[in-house]
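Everything on this sheet refers to the single structure shown next.
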């Protein structure tokens, strides 16, 4: 009987708030990916403490702790930004020093993993990397970042691409969404009869067009609940002052249950993402809206870039109340088809096992 191969699941960022609570989707996907792989492979896990504390306990049993994390702040100073990058580099170095592994899977990545691999290589490791965006091409150094990203791919054996249309020229890639649809988790929150109201959920960062969204929904008069952590408290105050009586703004971390309850009971979820960023970047909230039959409302480019049907608009001022359908049955039928064909737990497990087993055989 052939011995099982060893996969090291590695999360090197450890993003958390000032209280040490993990921020982002790393704990969730760690639990999901470990569950998909545990029967076919030997698993090891390396991650900062905040991620391990928030992840499923069975998924991180026996995990090793990486020493550094990143504390998310509204306006970090220059030195703090520099030290955060050095902390990530130190964590990546520790991951790549691990012995007796067949694969290292960096399942939650950003540009500085690419920079590390560009500068220092992969230490002879077979690297799998998940990417939730197609490229790093913003800011003053866009051309340099694109070059580094392209060269870094030469140190990766496979890219797990969360976007179906993403193209990576330097490494093999396969479509692998942010999340899979576990019916046991999502079905209880998939409410059939819903009130005509909207939600906006997740971390309320600077990149989201919250002012435009609040102004638009105040004009439309459709009830909107905004719920998530605001790092910028001054911005939160101004948004509350500008919001109409139909808008509730909550500055808090949502439990998983509360998040699913809010998302699954609303008719619409508003995604205030800039189109020039999210047409080539995926969104966990957008994907889970599909799992819960909640119709997303966003820029048309965001919806088409993620291949999720919804209410798209060219700009906030053009969005009209009548464009948000009271009967969402047609959307629900399409979402059910997509869940079965692309996002089911069984489909994703089969794909993941084929990716790793096929690549291992091809590499020898």
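Just so it is clear, none of the values below were taken in a lab; they were calculated from the coordinates. In this text the structure is predicted, and so the values were computed from the model without any measurement. We place every Cβ from the backbone using ideal geometry, glycine too, and count neighbours over all the protein chains shown.
Subtracting the Cα-Cα distance of residue 42 and residue 184 from their residue separation scaled by 0.36 nm leaves 48.6 nm. Taking Cα atoms only, the orientation of helix 78-96 departs from the longest principal axis of the chain by about 50 degrees. Taking 124, 24, 228 as the candidate residues, the one with maximal mean-square fluctuation in a Gaussian network model of the chain, Cα springs under 10 Å, is 124.
Helix 142-152: angle to the longest alpha-carbon principal axis of the chain, degrees 0 to 90, nearest 10? Long axis of 142-152 versus the principal axis of the chain: about 40 degrees. Placing a label point 7 Å from the Cα of residue 64 along the Cα-to-Cβ direction, the residues of the stretch 1-25 whose backbone N falls under 16 Å of that point are 6-13. The angle separating the long axis of helix 111-120 from the principal Cα axis of greatest extent in the chain is about 20 degrees. With both residues required to sit in the chain, DSSP beta bridges show an antiparallel share near 5%.
Approximating the spin labels as points 7 Å out from Cα along Cα→Cβ, the residue 90-to-residue 110 distance works out to 1.7 nm.
Does the chain classify as rounded, prolate or oblate by the C-alpha gyration tensor (a ≥ b ≥ c root eigenvalues; a/c under 1.5 gives rounded; else a/b over b/c gives prolate, otherwise oblate)? Note, shape of the chain comes out prolate.
A simple spin-label model places pseudo-atoms 7 Å from Cα toward Cβ; at residue 175 and residue 238 they are separated by 4.0 nm. Between the stretch 20-85 and the stretch 105-158, how many Å separate their Cα centres? If you average the Cα positions of each part, the centres end up 19 Å apart. Once the Cβ-Cβ distance of residue 74 and residue 350 is raised to the sixth power relative to R0 = 51 Å, the FRET efficiency obtained is 0.75.
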